[in-house]
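The values are calculated or read from the model by the stated rules, or taken from the named source; none is laboratory data. Being a predicted model, the structure only gives us computed values, none of them experimental. Using ideal geometry, Cβ is built from the backbone for each residue, glycine included, and neighbour counts are taken over all protein chains shown. When the accessible area is computed, the model is the full protein with side chains, heavy atoms only, and any ligands, DNA or RNA have been set aside. Shrake-Rupley method; radii C 1.70, N 1.55, O 1.52, S 1.80 Å.
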Amino acid sequence: MAIMVRYIVIGLIFLSVRNVFAQQKTTIGLTLSGGGARGLAHIGLLKAIDSSGLKIDYITGTSMGSIIGSLYAIGYSADSIEKIARTLDWDILLSNTPDMRIISIEEKFEFQRYAVELPFTQGKIGLPSGVIEGEELWLKFFELYAPVYSIKDFSQFSIPFACIGTDVVNGKPVLLHSGEITKAIRSSMAIPSVFSAVPWDTLLLVDGGVVKNFPVEDVRAMGADYVIGVDISTPNLKQEEMKSALDIMMQIAFYTDAVDIEKEKKLCDLYIKPNLEHFTTADFDKGQDIIDLGIKEGLKWYPYFKHLADSLQHYQDTATRLPTLTRLKVEAISVQGISKTTESFFIGRTGLTTGTEYTIQDINEAVRKVFGTRSYKSVTYSIEPKENGSVQLKFNVQEHPLTYIKLGVHYDTYTSIGIIANITSRNFGIKNSRCLASIKIGEYSKLRVQYYKYLGQYRTWGFELNGLGEYTKQTVYSNDFRATSEYLQLYFHAEAKFQRILNRSSTLGIAYRREMYSINPKIEGLIALKGKSAFNYWYAYYEYNTLNNKIFPTKGSAIQVEAGYVMPHLSSVIISQDGIAIIDTDTLKEQYIYGDYIKVSIQADKYITLHPKHTVLVNCYSGYFSNPDQVFLNQYILGGTIQNNRSQIPIVGLLPTQIRANSFSVLHLGYQYELFKNIFITPRFNSMLYDYRFDKQFQYKWFHGMGATIGYASGIGPMHLTMMYSPQIKKVYAFVSIGFHF
């Protein structure tokens, strides 16, 4: 019965079409409404139109409808748009937190280390705007619309196009039909309070869906005689369905449009409303399902589109509609919006030079290089064609405030709770520089200061001065892993580094560090040690980092290599038993005048994505002193699940500081599974050789452990609960960590 009704309806539509075009209507308009993630269903209707061969003469759209509609208008086929949509990483595109891979190597250490980052300007602490700038979204638009960079009149696209924005000042719709297509599309989808508003000439625009989500009358005004309208907007929620403040805000923001859409529906010759009741505007994580549903909807309407094309003999041109773009020769580069940084810094970090040819991907990578310095809130550009065939790149930037105050909290089983505060200021005293100070206030406190200065024409050299102070607890264990005593350790270093930034993922440098230690007993065992040591350390280092995230990464690699020379040094030590000194520096002086030695450390991490929810972890760490007899208070600290101090290496199965060693090599394997969004379960295993020597014969000690971690990427930082076990210790340990560690 349902099938019979369907064919009767389609038959009536065919008759209607025949009557309509008997009146000599010849042009077809298409209007695609906004609706966030639900707008991905538009792709299925376009696939049906393409399959039928029906030619579309005009297109209008709003928000997501403007994105899908404009891509089709400039020449992408529906199949191409589907492929693009299925491969996009919406979490990155619709986020203010960039993928860590685009952050410059000298900024990665401080990236994602704090729960709150507050701008500090004119002596006042501000609040974060909360709106999404979406740098990666801009760059994706630049890439997708690059083939039509020279077309500023949207009526000159393969299919004439227009979209809708809303004037923030008067709340009226603005028809966008010329200018920069990327800017027009970004304006049309700028949902108030979610995305930042976009300047447009003298106006400030937000999402056109606020007042006109279904611009049918505009496609008719462009010249369409017959209009197909696809409406994927979300109906107004009922009172009982509004469960959050965001629901209420969205309802109010788009209330005017709900009235307008009823008027626009009446202007359609064919009104299509796909059944998307199980999806919301924010369901980008269900994008594949929405696309599939849209394709099914398109199949229902294919017979109608086919009949329409055949009745009119109104077929698409079989030639490729999308212009071909290979390389652009850059004749000039200009930058607008610079006040706190300098144009030379900006252009230098992009690496772009005039008189050189670039692909659009090259230009986008150049933007990522400068955006990765974290000096800029957003970086956009336009491409202006020149008469000689070259182009001018016009960059427009929004700079971050020079100073930020950053806050975090950290708790773990071993060090208890602490408040972390940071102040970071750029151009402090000298242009193109960054100064920061971080402090952890708690039972065991820490302090870090750093001053970094960019150097060189392309700002790819850097000079850094830094200092680190740590006041930590150090538990000493016997050979059978039992706690015997506890010490308080004070560590400080002052360091100077000179480095070459090879690219945003790697750097190579040399450094000098003056290190000072002192220890005092807190809980004495049978034997107590009290002393201090200081030495000079020269070293070279290499860093490489392509991890996509600092918190629960799912892909990429990280490598740290350090090789250096520790100069001869003097230690002052008193060893006592029952409170009476039995050995001191005077009685055994020669033993505590230490010779020089070589120190080599390597850390390598690899995260392999098997599936969006499944990641394999491979970690290899190794450290070695060439003369272990000369090492004192400078040993590697092995154990724990997080790195709580500079010398600590996390080892599953061990408590922090449970092993102190002069050499070690560990292989760590794990499997990370995202059980629910931002909730991860990770079983782990590691095997380690330590205290090995090559001077007489190969001697070593062996350890292996296993464990499982449940983690949560929360707003205040990562949360971990780890249960671990080692057959050698025969104990199960639990370890809890909450928040970003220092």
Which GluC sites (Glu not before Pro) from segment 133-165 combine a DSSP loop assignment with at most 14 other Cβ atoms within 10 Å? none
Step through the table entries Lys286/Lys613; Lys55/Lys386; Lys265/Lys677; Lys329/Lys555, compare each Cα-Cα distance with 26 Å, and write down the pairs that go over it. Lys55/Lys386; Lys265/Lys677; Lys329/Lys555
Given N residues in segment 79-227, what is Rg(Cα) / (2.2 N^0.38 Å)? 1.25
Filter the trypsin sites (Lys or Arg not before Pro) in segment 678-742 down to the DSSP loop ones having no more than 11 other Cβ atoms within 10 Å, then list what survives. Lys696, Lys730
With unit charges on the beta carbon (Lys/Arg positive, Asp/Glu negative), name the residue among Gly39, Pro119, Ile574 whose Cα is farthest towards the positive pole of the charge dipole of the chain. Ile574
Sequence gap at least 6, Cα distance under 8 Å: using those rules, report the relative contact order of the chain to the nearest whole percent. 10
Compute the relative contact order of segment 367-467 as a whole-number percentage, counting only Cα pairs closer than 8 Å that sit 6 or more residues apart in sequence. 15
What figure in square angstrom, to the nearest 10, would you give for the accessible area of Trp702 with a 1.4 Å probe? 120
How much net charge surrounds Asp89 when only the other residues with a Cβ under 15 Å from the Cβ of Asp89 are counted, with Lys and Arg +1 and Asp and Glu -1? +2
When the accessible area of the chain is split by element with a 1.4 Å probe, what percent falls to carbon and sulfur? 59
Out of all DSSP beta bridges with both ends in the chain, state the antiparallel percent to the nearest 5. 90
In nanometres, the difference between 0.36 nm per residue of separation and the alpha-carbon distance of Asp310 and Thr326 is 2.1 nm
Hz values of 3J(HN,Hα) by residue in segment 640-650 - Karplus curve (6.51, -1.76, 1.60), Gly and Pro given as x: x, 10, 10, 8, 8, 8, 4, 8, 7, 10, x
What 222 nm value per residue comes from the helices of the chain, counting each DSSP H run with n ≥ 4 as -39,500 (n - 2.57) and dividing by all residues, nearest 500 deg cm²/dmol? -6000 deg cm²/dmol
Expressed as an acute angle from 0 to 90° and rounded to the nearest 10, what is the orientation of the C-alpha long axis of helix 2-22 relative to the principal long axis of the chain? 60
Counting Lys +1, Arg +1, Asp -1, Glu -1, what net charge surrounds Gly623 among other residues with beta carbon under 13 Å of its beta carbon? +1
Among [x] 12, 31, 32, 20, 5, 0, 0; [y] 14, 40, 28, 14, 3, 0; [z] 17, 53, 28, 2, the value of P(r) over Cα pairs in 20 Å bins from 0, in percent computed for this structure carries the label [y]
As a test of reading the structure, rank Lys386, Lys453 by solvent-accessible area (1.4 Å probe, protein chains only), most first. Lys386, Lys453
At 25 °C and 0.890 mPa s, grab the translational diffusion coefficient of segment 626-742 from Stokes-Einstein with a Kirkwood Rh over Cα pairs, rounded to a whole number in µm² per second. 160
Mind checking the dipole of the chain: about its Cα centre, +1 per Lys or Arg Cβ, -1 per Asp or Glu Cβ, Debye to the nearest 20? 900
For Phe284, what charge total do you get from the other residues with a beta carbon under 13 Å from its beta carbon, if Lys and Arg give +1 and Asp and Glu give -1? -1
Which of the peptides 151-163, 643-655, 531-543 is most tightly packed, and how do the rest follow, judged by the mean count of other Cβ atoms within 10 Å per residue? 643-655, 151-163, 531-543
Å² per residue, accessible surface of segment 81-239 at 1.4 Å: 39
Compute the acute angle (0 to 90°) between the alpha-carbon long axis of helix 135-145 and the principal axis of greatest extent of the alpha-carbon atoms of the chain; round to the nearest 10°. 40
Express the relative contact order of segment 627-742 as a whole percentage, based on alpha carbon pairs under 8 Å and six or more residues apart in sequence. 19
Please give the FRET efficiency for Lys266 paired with Leu669, using the beta carbon to beta carbon distance and R0 = 45 Å, rounded to the nearest 0.05. 0.10
Quick one: helix 287-312 against the long Cα principal axis of the chain, what's the angle to the nearest 10°, folded into 0 to 90? 20
